[in-house]
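Visitor: Let me begin by handing over the structure; questions about it come next.
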Amino acid sequence: MAERGSIATVGAFTLGAIRRLGQATLFLGQVLRHSGTSLTRPALTVREIYFAGALSLIIIMVSGLFVGMVLALQGYDTLQTYGSEEKLGVLVALSLVRELGPVVSALLFASRAGSAITAEIGLMKATEQIVAMDMMAVHPVARVVAPRFWGAVLSMPLLAALFSAMGIFGAYIVGVRLLGVDVGAFWAQMQAAVDFEQDILNGVIKSAVFGVGIAAVATFEGFDAPPTAEGVSRATTRTVVHSSLLVLALDLVLTGFMMRMWGE
Amino acid sequence: MSDAPLVEIQDLSFGYSSARQILSDVTLSVPRGKVVALMGGSGCGKTTLLRLIGGQVRPDRGYVKVAGEVIHELDQAGLYRMRRRMGMLFQFGALFTDMSVFENIAFQMREHTDLPEDAIRDLVLMKLNAVGLRGAAELMPSELSGGMARRVALARAVALDPMLVMYDEPFAGLDPISLGVVGQLIRRSNDALGATSVVVTHDVQQSLHIVDYVYLMADGRIVAQGTPDEMRASTHPTVHQFIHGEADGPVAFHYPAGDYAAALGIMHG
Ligand SMILES: Nc1ncnc2c1ncn2[C@@H]1O[C@H](COP(=O)(O)OP(=O)(O)O)[C@@H](O)[C@H]1O
Ligand SMILES: [Mg+2]
């Protein structure tokens with residue numbers, strides 16, 4: 001009996017998760033269909049880029065700096081044993097541009113800006129602002145959701161690039177200034193080894209895809225939240241957890257795909 | 001213009017779930033140019049009725065007709081065309097919290113018209129002046145008192161001079177002075193705009209002063225109707241209880257419950 005109960009629970013949970021995924025996908029389709037307003041009135045989207053970006057700017061810059069510094073310390077330690085400290089710039093730049101920049105900035109963005117988007121939309125719903133707008137014959141998905149969605153999607157690559165730039169700067173401070181790696185080698189080797197398509201473009205694609213994932217989860221959770229204080233706070237938590245997991249899963253898929261594509 | 005009522009509701013029934021019916025066989029009409037009150041205790045389905053008029057929910061049976069069109073038969077575009085001619089004051093204001101008072105009033109003008117900026121500015125200031133809040137244009141909703149927020153929401157509801165204005169509890173939680181002011185505002189903006197108004201309220205004294213006709217609801221049904229004078233003179237027990245604010249009468253103050261003394265653990269005898 002107990003076993004059947006737990007199997008039923010697992011089944012119900014799985015069905016619930018699949019149903020929710022379906023709802024989120026339908027919602028994403030609705031956002032895309034109603035994106036015309038965001039294009040014809042770019043000021044709406046620019047405003048959201050400003051908010052999402054400004055919210056995350058400091059945390060992303062500071063984190064980038066620290067991650068770059070740590071990478072330099074760890075990398076130097078390992079490279080030194082092979083006598084190739086001058087490769088430090090390459091190691092740091094590739095790690096940041098390909099992986100850490102897009103992934104870590106996306107995780108930070110999900111918890112900083114993603115949660116804010118969910119909370120804002122959820123509160124607008126709880127205080128009947130969404131219904132009021134609909135009653136004014138203004139489509140809330142077009143006017144409220146789509147600009148926030150595109151604002152998040154567009155800020156993500158910019159923030160990831162900033163994260164990587166700060167990281168490289170941090171590695172320069174630690175590697176060149178503190179540990180004494182040759183400054184010419186540091187930059188020249190980096191420049192020679194980082195490929196535009198294979199590394200930079202792929203990094204941008206990754207962060208844009210992460211942006212879509214986070215924006216979709218954050219706007220869906222906000223729009224779908226029960227219109228109560230508790231409902232909104234739960235939705236905000238779900239945004240952080242689900243969009244972080246989504247980023248890591250997407251990263252695995254994208255990395256596998258990109259490795260194969262460029263490997264041939 | 002025809003003489004047909006602007007809003008016609010026929011045998012309307014509705015429930016949010018099939019388990020519980022909120023409105024049962026409601027039939028009423030709102031003539032053009034009039035201010036009609038929908039009165040009734042809280043929870044009797046007044047807000048729900050406004051939602052049905054605005055097309056936010058679909059009836060289970062019956063229909064709502066506004067300006068000759070059946071609301072639940074309209075498609076999205078038709079519904080939005082209709083809503084542009086409706087104004088609604090929400091029970092809790094529902095002001096856009098990320099916009100100033102000015103931008104709240106200007107919102108529909110910017111969304112639905114191509115008016116130049118200085119025309120919008122003049123219109124917004126006129127609307128705000130009518131509610132005595134021209135000086136508050138640059139404040140954010142969080143900086144307003146309850147009464148001020150209500151007046152801003154009132155100005156926003158009539159921003160585009162709608163043909164039909166719905167007010168959900170415009171008097172709730174106001175001090176006596178604001179109460180009179182809001183009542184006069186509703187009456188005046190109805191007559192000045194040539195609009196038609198539906199006022200949902202449980203404030204009997206205020207609304208009897210300003211409305212032309214009253215429908216009294218209880219438990220999702222219309223139990224009485226008439227002009228304010230007829231309502232005051234009525235001997236109908238429910239009307240009498242409601243108008244005079246008596247706790248005992250056909251409408252029970254208490255939600256059905258078991259014996260009070262037993263619930264408190266007091267033994268009889
Ligand atoms: N969105 C909703 N979902 C389910 N039930 C609701 C909803 N809104 C209101 N109700 C229920 O419908 C009944 C009537 O509510 P409402 O129309 O808001 O009453 P009133 O405005 O007269 O106070 C109440 O019992 C309320 O609990
Ligand atoms: Mg109500």
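Visitor: Could you check, for segment A:39-47, whether at least one of its residues is surrounded by 18 or more Cβ atoms within 10 Å (Cβ to Cβ), touching a helix residue (DSSP H, G or I) at 6+ places or on another chain (Cβ under 9 Å) and either modelled with pLDDT of 90 or more or aliphatic (A, V, I, L, M) (or both)?
Guide: yes
Visitor: Looking at (1) out of contact with any strand residue (DSSP E or B) (no Cβ under 8 Å at 6 or more places or on another chain); (2) in contact (Cβ under 8 Å) with a residue 24 or more places away in the chain; (3) among the hydroxyl-bearing types (Ser, Thr, Tyr); (4) away from chain A (no Cβ under 14 Å), which one does B:TYR16 not meet, given that it meets all the others?
Guide: (4)
Here is a yes/no grid of residues against (1) outside any helix (DSSP H, G or I); (2) within 15 Å of the chain's Cα centre (by Cα); (3) without any contact (Cβ under 8 Å) to a residue 12 or more places away in the chain:
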| residue | (1), (2), (3) |
| --- | --- |
| B:LEU128 | no, no, no |
| B:GLY135 | no, no, yes |
| B:ALA159 | yes, no, no |
| B:LEU174 | yes, no, no |
| B:ILE177 | no, no, yes |
| B:SER207 | no, yes, no |
| B:MET217 | yes, yes, no |
| B:VAL223 | yes, no, no |
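Visitor: A:ALA216 - would you say it is of a type in the set (Gly, Ala, Ser) and surrounded by fewer than 20 Cβ atoms within 10 Å (Cβ to Cβ)?
Guide: No: the conditions fail for A:ALA216.
Visitor: Now for a different question. Consider B:VAL251 carefully, then state whether it is among the aliphatic types (A, V, I, L, M), surrounded by 10 or more Cβ atoms within 10 Å (Cβ to Cβ), outside any helix (DSSP H, G or I) and modelled with pLDDT under 75.
Guide: In short, yes.
Visitor: When segment A:173-193 is examined, which residues are found to be in contact (Cβ under 8 Å) with a residue 40 or more places away in the chain and closer than 16 Å to A:GLY68 by Cα?
Guide: A:ILE173, A:VAL174, A:GLY175, A:LEU179, A:VAL181, A:PHE186, A:TRP187, A:MET190
Visitor: Hey, any hits in segment B:32-42 for a residue that's away from chain A (no Cβ under 14 Å), within 18 Å of B:ALA195 (Cβ to Cβ), surrounded by 15 or more Cβ atoms within 10 Å (Cβ to Cβ) and within 16 Å of ligand 2 (Cβ to nearest atom)?
Guide: yes
Visitor: When you check B:ASP11 against the structure, is it surrounded by fewer than 17 Cβ atoms within 10 Å (Cβ to Cβ), within 14 Å of chain A (Cβ to nearest Cβ) and either at pLDDT 95 or above or away from ligand 1 (no atom under 16 Å from the Cβ) (or both), yes or no?
Guide: Considered against the rule, which asks whether it is surrounded by fewer than 17 Cβ atoms within 10 Å (Cβ to Cβ), within 14 Å of chain A (Cβ to nearest Cβ) and either at pLDDT 95 or above or away from ligand 1 (no atom under 16 Å from the Cβ) (or both), B:ASP11 comes out as no.
Visitor: Quick check on my filter: what residues within segment A:122-139 are part of a helix (DSSP H, G or I) and within 11 Å of another protein chain (Cβ to nearest Cβ)?
Guide: Once the filter is applied, which keeps residues that are part of a helix (DSSP H, G or I) and within 11 Å of another protein chain (Cβ to nearest Cβ), segment A:122-139 yields A:LEU123, A:MET124, A:LYS125, A:ALA126, A:GLN129, A:ILE130, A:VAL131, A:ALA132, A:MET133, A:ASP134, A:MET135.
Visitor: Could you say which residue among B:GLY173, B:GLY147 is touching a Ser or Thr at 6+ places or on another chain (Cβ under 9 Å) and away from every other protein chain (no Cβ under 14 Å)?
Guide: On inspection, the qualifying residue turns out to be B:GLY147.
Visitor: All but one of (1) in a helix (DSSP H, G or I); (2) of a type outside the set (A, V, I, L, M); (3) closer than 26 Å to A:ALA113 by Cα hold for A:GLY184; state the number of the condition that does not hold.
Guide: It fails just one condition, (3).
Visitor: Here is a follow-up. Within segment B:14-46, which residues are near ligand 1 (Cβ under 8 Å from one of its atoms), closer than 20 Å to B:ILE71 by Cβ and under 18 Å from the mean Cα position of the chain (by Cα)?
Guide: Passing the criteria: B:ILE22, B:GLY45, B:LYS46.
Visitor: Here's something else I'd like to know. Can you pull out every residue in segment B:68-97 that is loosely packed, with under 14 Cβ neighbours inside 10 Å and either at the interface with chain A (Cβ under 9 Å from one of its Cβ atoms) or in contact with a His (Cβ under 9 Å, 6 or more places away or on another chain) (or both)?
Guide: B:GLN76, B:ARG81 - these are the residues of segment B:68-97 that are loosely packed, with under 14 Cβ neighbours inside 10 Å and either at the interface with chain A (Cβ under 9 Å from one of its Cβ atoms) or in contact with a His (Cβ under 9 Å, 6 or more places away or on another chain) (or both).
Visitor: For segment A:1-115, give me every one of the helices (runs of 4 or more DSSP H) that falls completely inside it and has 3 or more residues that are over 25 Å from A:LEU201 (Cα atoms).
Guide: A:2-33, A:36-40, A:42-81
Visitor: Quick one: how many residues across segment A:102-121 are within 14 Å of chain B (Cβ to nearest Cβ) and either free of Cβ contacts under 8 Å to residues at least 24 places away in the same chain or surrounded by fewer than 24 Cβ atoms within 10 Å (Cβ to Cβ) (or both)?
Guide: Selection size over segment A:102-121: 3.
Visitor: Let me ask something additional. I'm checking my understanding of the structure. Among residues of segment B:43-67 that are facing another protein chain (nearest Cβ under 10 Å) and within 16 Å of ligand 2 (Cβ to nearest atom), which one is surrounded by the fewest Cβ atoms within 10 Å (Cβ to Cβ)?
Guide: Per the stated criteria, the residue is B:GLN56.
Visitor: Would you confirm whether any residue within segment A:246-258 is in contact with an Asp or Glu (Cβ under 8 Å, 6 or more places away or on another chain) and outside any loop (DSSP other than H, G, I, E, B)?
Guide: Yes, segment A:246-258 has at least one match.
The values are calculated or read from the model by the stated rules, or taken from the named source; none is laboratory data. Values in this document were obtained by computation on a predicted structure and should not be read as measured data. So basically every Cβ, Gly included, is an ideal-geometry build from the backbone, and we count neighbours across all protein chains shown.
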